[in-house]
Amino acid sequence: MRSRALTAVWTTLVLTMSVVMAVPAGPSPAAATAVAVAAPQAWAPDPERYGIAVERNLTVKLSDGRLLRADVHTPADTSTGRPAAGPFPVVVGFTPYGKSTSAQLGTHGSGGLNPYLVKRGYIGVVVDVPGTGGSEGKFDLFSPDEARAGAEVVRWAAALPRGNGKVGMLGLSYVAIDQLFTAAEIGPGSPLKAIFPMAASVDPYRDLFTSGGALNVLSPLGLVFGYGVTRVLTPFAELASDPVTALTLAFRNLLQAGPFELRFARDMLTNGPRRYDNAYWKVRAPERVLSKIVANGVAVHLVGGLYDVFQRGEPLLYSGLQNAAAGRPVTAPMRPGQQVSSKYQLTFGPWTHGDMGRGIDLDRLQLQWFDHWLKDRDTGVTDTATPLRVLEPGGASYATANYPLAEAKPVHLSLRSGGRLTSDRPAAGEPSDTLLFTGVSNPCTRSTDQFAAGLLSQLSEAGIGGLCVGPQRKPARGPGEVTYSTEPLDRPMRLAGPIGVTLRASATRPETLWALTLEDVAPDGTSTDVSGGAQLGSMRALDTGRSWPGTSGHWLSPYHRLTKDALRPVPAGEVVRYDVAIRPAFATVPAGHRLRLRVATADFPHLVPLADLPGLLGGRYTVRHDAAAPSGIDLSVVAAP
């Protein structure tokens, strides 16, 4: 077990260095009880029938002349080691991490290859995306050119000699996001029938680069520096037998550091163009292509995590696909009673980026999915009216259909004087709370673990540390933070979906930073972080057409414009309304526990304001919660069992 944990730590270190886009925090891994995927008795996973024969560095010539390189893992006769005759479906991983490294690191096909599938009659193909590993070209982070290359790779894979003409795709993080863009680019009637994206983003700018416009430094630093290192080093690993070509590719990739990594670093430090939501980010947001995926007939099984970097976006991918299938706007909330398609599914559990799927049989689920779509077997995987499956921290599980959940009702709680959180409205003249901008905070938090791709959780499992990912004793208030708590709950409260907070506050400086954490406080006083969110004051402008309404006058899921032209300095001394999105939570707060909202001015090292710091320094905030200027929180609550 310890060796597995150390392997997991190494996997997460590689993913963190390479992307920090990409186990469970809070409750221990053992708390996530194994959940078997229901299937009819007529279907059971095939036994391990094959060995694996590997062909390295096959060339895929793109229409523009570039050469990509692929490793092909074919089912082999266990006695001779020779490739079996087939025909077999093909499952493709399109990776920037180096195809041989991706094939070895991680579990359950996170790098794009799952030997479990190959040994049961699937050809596994892993291809380096352009400008990485052994592939020629220019690396450009989810660019349309990369999607076009992905579509050509799929068509090449469909024509492999031992293939049956049907193709699926598999992988986590970057490898998951490329699946979505490829599925949109491929066109209708293609060989690509099904994909299995784990830990994918709906909008990298909002899921990864910023939180409410507040700069997320942990993940972009990995993006900026990790990819540069990866692109320069992986050619040597992929082309060890051809050092001249490896050196040529590595040198070309190094020269791209200026246009890509250095530009990102400059914009982070100076609030340059990529610091804001703009055309660069919009073309790289999978939400814009979900309708094309549906039109192309590609089936999608998503896997997401409560503590994943893309916690916000994974349920939105599900609702977007379901809306597209129903002919509704992709970005709208699903309607109660809306018809759903089992062609689009989401399994969501208490996982970080580094341990996606822990506690469930993810290998079996992938086999069940691909056997249905690529082998035409009746596995029962689509025999469901509730294709959204939730596994909570602690092991409770349920299935539902819509997001937001039709059975979840918005519940409004008011921030009150004395650190209270109540269903009663505030009274006139209630005293306010004062906070100071600090910029730094205790780094030993769930947030640090989450946006470092679950690294702290992995270290904890390996016996290194363990203090930052479980229940902690936290102060109720300090110079830069104040908390608001319910009374002990008389019955469990099941949180299931988006959460929105409305703060009314004044400030002494032209910028504010709000970092919020929702906590479960046990009777012994220890607390466990449930979810969090943030908002930069100058980027508070809402797009009301994209925001999801909650209780009267409040937003359950506020959507901010976050463009440069939407910037509005905070008027000193005036009461300003801030609508803050907390990432969706799927967790039950037990009876006898308290629900607590922590309002702070820092979430270090996750959020570091960099170029926004001059407008923040010396800031003093006054949080109002009286009848004239109420503050409160809207929760998505389902009646607990």
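Of all the residues in the stretch 286-309, those that are of a type outside the set (Val, Ile, Thr) and crowded, with 22+ Cβ neighbours inside 10 Å number 10. With respect to Gly150, is the statement that it is within 20 Å of the chain's Cα centre (by Cα), crowded, with 24+ Cβ neighbours inside 10 Å and either in a helix (DSSP H, G or I) or outside the structural domain of Leu610 (by TED's automatic domain parsing) (or both) true? Here the answer is no, as Gly150 does not meet what is asked. Counted as qualifying within the stretch 559-629 are the strands (runs of 3 or more DSSP E) with 3 or more residues that are among the basic types (Lys, Arg), namely 594-600. Say whether the condition of being modelled with pLDDT of 90 or more and either under 19 Å from Glu136 (Cα atoms) or basic (Lys, Arg) (or both) is met by at least one residue in the stretch 267-276. Yes, the stretch 267-276 contains at least one residue that is modelled with pLDDT of 90 or more and either under 19 Å from Glu136 (Cα atoms) or basic (Lys, Arg) (or both). Tell me yes or no: at least one residue of the stretch 527-546 is on the phi > 0 side of the Ramachandran plot, at pLDDT 95 or above and aliphatic (A, V, I, L, M). No, the conditions are met nowhere in the stretch 527-546.
A single entry from Leu306, Leu254, Leu321, Leu302 fulfils the requirement of being in the same structural domain as Gly168 (by TED's automatic domain parsing) and more than 25 Å from Val381 (Cα to Cα): Leu254. Going through the stretch 527-546 one residue at a time, which ones are surrounded by 20 or more Cβ atoms within 10 Å (Cβ to Cβ) and of a type in the set (S, T, N, Q)? Ser527, Thr528, Ser531, Gln535 - these are the residues of the stretch 527-546 that are surrounded by 20 or more Cβ atoms within 10 Å (Cβ to Cβ) and of a type in the set (S, T, N, Q).
The single residue among Arg312, Arg358 that is at pLDDT below 95 and surrounded by 17 or more Cβ atoms within 10 Å (Cβ to Cβ) turns out to be Arg358.
For the stretch 440-467, filtering for residues that are under 24 Å from Gln311 (Cα atoms) and surrounded by fewer than 21 Cβ atoms within 10 Å (Cβ to Cβ) leaves 6. Taken together, the residues in the stretch 374-384 that are within 25 Å of the chain's Cα centre (by Cα) and surrounded by fewer than 24 Cβ atoms within 10 Å (Cβ to Cβ) amount to 2. Restricting to the stretch 473-527, name every residue that is under 31 Å from the mean Cα position of the chain (by Cα), under 19 Å from Leu607 (Cα atoms) and not in a strand (DSSP E or B). Matches in the stretch 473-527: Gly480, Glu511, Thr512.
Which residues, taken from the stretch 432-446, are at pLDDT 95 or above and outside any loop (DSSP other than H, G, I, E, B)? Passing the criteria: Asp433, Thr434, Leu435, Leu436.
The values are calculated or read from the model by the stated rules, or taken from the named source; none is laboratory data. Just so it is clear, the model here is predicted, and its values are computed rather than measured. Glycine gets a Cβ as well: all are built from the backbone with ideal geometry, and neighbour counts include every protein chain shown.
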